[in-house]
Amino acid sequence: MSFDTLGLSAELLRAVADQGYSEPTPVQRQAIPVILEGRDMLAGAQTGTGKTAGFTLPLLQHLSTHPQQHKGRRPVRALILTPTRELAAQVAESVDTYGKHLPLSSMVIFGGVKINPQIQQLRRGVDILVATPGRLLDHASQKTLDLSAVEILVLDEADRMLDMGFLPDIRRILALLPKQRQNLLFSATYSSDIRRLADKLLDAPVQIEVARRNTAAELVSQVVHPVDRERKRELLSFMVGSQNWRQVLVFTRTKHGANRLSKQLEKDGISSAAIHGNKSQGARTRALADFKQGEVRVLVATDIAARGLDIDQLPHVVNYELPNVPEDYVHRIGRTGRAGNEGQAVSLVCVDEHKLLIDIERLLKRDLPRVVIPDYEPDPSIRAEPIQRRSNARAGGKPNARNGTGQQRGKRSGGGGSAAAKPRSGASASRGKPKNAAGANRSQKFSGNSRRRPASSGRA
Ligand code: AMP
């Protein structure tokens with residue numbers, strides 16, 4: 001099936017062809033015609049399925065074929081809400097990419113950067129606004145933003161927004177929108193909270209589902225390596241070095257753990273950066289850019305910071321520590337095996353984490369293969385230490401979460417990579433590039449937070 005049959009305009013088909021996409025993904029096949037009909041939609045789709053183009057393409061088509069009614073200043077006609085700054089920036093990038101042959105303007109708004117340039121950009125008029133809830137409400141309360149002409153609302157990664165405690169903010173935003181509008185809700189998982197939100201928000205929605213619910217991406221091969229907690233860092237360095245992994249996303253449970261691991265990897269000669277909510281927006285942007293360009297080999301991230309990162313064809317994801325919430329495992333490994341490319345998800349699991357592993361396997365409805373790496377066999381005399389589990393980890397991080405930077409707070413128990421990890425001779429086979437300092441001068445892609453496109457040069 002080709003994109004031509006979906007009812008998209010020539011300008012959009014051209015933008016899709018520019019990207020090199022030969023055929024629509026399943027979510028695009030299902031979502032695009034429904035959205036073009038103007039129906040509300042509840043879509044079960046994870047990051048990596050092509051969902052962004054799935055809603056962006058028909059949204060652009062609607063706006064370009066239904067000229068705005070308002071005279072004077074351009075009102076916001078489409079609002080896309082995302083849980084994190086990174087996702088907002090990436091969705092905005094997609095809006096730009098797919099809308100490049102159309103005379104529409106778009107803008108991204110998130111916290112952590114100056115508000116005045118955003119105010120000025122809003123004043124000039126914007127058709128499509130991509131935003132995280134906190135900063136959007138700041139603008140609304142300062143009356144620098146008028147949402148009364150929104151025709152299409154998209155809640156992207158709605159499950160994550162609720163996890164992060166954004167429900168009250170979402171309610172406040174909904175109250176600012178006109179009653180008559182099209183609503184699209186995207187969520188990787190369906191909790192009862194999501195169901196309740198969908199019932200309230202959506203009018204006779206068409207429901208589509210692409211990845212089976214709570215099912216890990218099928219192109220991802222998953223393996224568990226049992227290892228002692230104190231030897232995880234050494235094993236990770238060994239795997240990265242000996243298998244010559246060039247681009248690895250590694251998950252830790254805490255910000256502190258991410259920083260510590262990143263520093264230790266650097267000591268092992270593997271270029272590495274940490275990305276989490278305590279880092280400034282500039283530092284996060286730079287780390288992601290360096291990673292994408294292959295200058296940083298290992299990106300160490302916490303769950304929330306990594307959520308929605310659009311990194312194409314990521315070959316390796318490592319769970320340095322298993323997540324406390326089993327669904328996060330599914331989100332994590334969704335970073336790899338994307339858009340038809342095979343990926344590998346490796347979990348380094350110590351004795352403390354057996355319960356977490358069982359919970360994950362229960363969610364996946366299958367056992368993950370255990371492969372012990374020679375020389376890294378777990379010591380059977382080591383006893384499990386309790387891991388502090390938070391039943392509602394992210395909701396607890398509400399103050400930070402407003403700007404999409406909420407982080408989990410609990411402490412790891414020991415966890416890998418402590419100072420006690422002694423490399424065995426020959427085991428730390430790291431051949432990483434030396435630390436790259438050039439990134440400091442790199443232009444910060446996400447810090448310019450507004451964008452405008454020139455008038456259309458496309459065919460009608
Ligand atoms: P998303 O799920 O929106 O984060 O998209 C995941 C990745 O798939 C992005 O890097 C897109 O550029 C890519 N993608 C989206 N649609 C297609 C398509 N039809 N063919 C190939 N790649 C695609």
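Is there a residue in region 72-82 that is open to solvent by 40 Å² or more (accessible area, probe 1.4 Å), of a type outside the set (Phe, Trp, Tyr) and farther than 30 Å from Arg123 by Cα?
Scanning region 72-82, I find no residue that is open to solvent by 40 Å² or more (accessible area, probe 1.4 Å), of a type outside the set (Phe, Trp, Tyr) and farther than 30 Å from Arg123 by Cα, so the answer is no.
Just wondering, is there one or more residues in region 154-172 that are in the same structural domain as Arg196 (by TED's automatic domain parsing), surrounded by fewer than 20 Cβ atoms within 10 Å (Cβ to Cβ) and within 17 Å of Arg77 (Cβ to Cβ)?
no
Test of understanding: among Thr56, Thr25, Thr49, Thr65, which residue is hydroxyl-bearing (Ser, Thr, Tyr) and open to solvent by less than 10 Å² (accessible area, probe 1.4 Å)?
On the way: Thr25 fails: open to solvent by less than 10 Å² (accessible area, probe 1.4 Å); Thr49 fails: open to solvent by less than 10 Å² (accessible area, probe 1.4 Å); Thr65 fails: open to solvent by less than 10 Å² (accessible area, probe 1.4 Å).
Result: Thr56 is the single residue among Thr56, Thr25, Thr49, Thr65 that is hydroxyl-bearing (Ser, Thr, Tyr) and open to solvent by less than 10 Å² (accessible area, probe 1.4 Å).
Against the conditions (1) touching a residue at least 24 places away in the same chain (Cβ under 8 Å); (2) open to solvent by 10 Å² or more (accessible area, probe 1.4 Å); (3) of a type in the set (D, E, K, R), where does Asp127 fall short? Just the number, please.
(2)
Do you know which of the residues in region 220-258 that are among the aromatic types (Phe, Trp, Tyr) and open to solvent by less than 20 Å² (accessible area, probe 1.4 Å) is farthest from the chain's Cα centre (by Cα)?
Start the filter on region 220-258 by keeping residues that are among the aromatic types (Phe, Trp, Tyr), which leaves 238, 245, 251.
Subset that is open to solvent by less than 20 Å² (accessible area, probe 1.4 Å): 245, 251.
Working: Trp245: 22, Phe251: 13 Å.
Selected residue: Trp245.
Regarding region 8-27, can at least one residue be identified that is within 23 Å of Ala149 (Cα to Cα), within 13 Å of the ligand (Cβ to nearest atom) and outside the structural domain of Ala283 (by TED's automatic domain parsing)?
The answer is no, given that none of the residues of region 8-27 is within 23 Å of Ala149 (Cα to Cα), within 13 Å of the ligand (Cβ to nearest atom) and outside the structural domain of Ala283 (by TED's automatic domain parsing).
Just checking, how many residues over region 355-371 are open to solvent by 60 Å² or more (accessible area, probe 1.4 Å), in contact with a Pro (Cβ under 9 Å, 6 or more places away or on another chain) and assigned to a helix (DSSP H, G or I)?
Start the filter on region 355-371 by keeping residues that are open to solvent by 60 Å² or more (accessible area, probe 1.4 Å), which leaves 355, 358, 362, 365-367, 369-371.
From the residues that got through so far, the ones that are in contact with a Pro (Cβ under 9 Å, 6 or more places away or on another chain) too are 362, 370-371.
Narrowing further to those that are assigned to a helix (DSSP H, G or I): 362.
Qualifying residue count for the region: 1.
Away from the ligand (no atom under 16 Å from the Cβ), in contact (Cβ under 8 Å) with a residue 24 or more places away in the chain, surrounded by 22 or more Cβ atoms within 10 Å (Cβ to Cβ) and part of a loop (DSSP other than H, G, I, E, B), is that true of Leu145?
yes
The values are calculated or read from the model by the stated rules, or taken from the named source; none is laboratory data. Everything quoted here is computed from the prediction, not taken from an experiment. Here the Cβ is made from the backbone with ideal geometry for all residues, glycine too, and neighbour counts use every protein chain on show. Heads up: the accessible areas ignore ligands, DNA and RNA and are worked out on the full protein's heavy atoms, side chains in. Shrake-Rupley method; radii C 1.70, N 1.55, O 1.52, S 1.80 Å.
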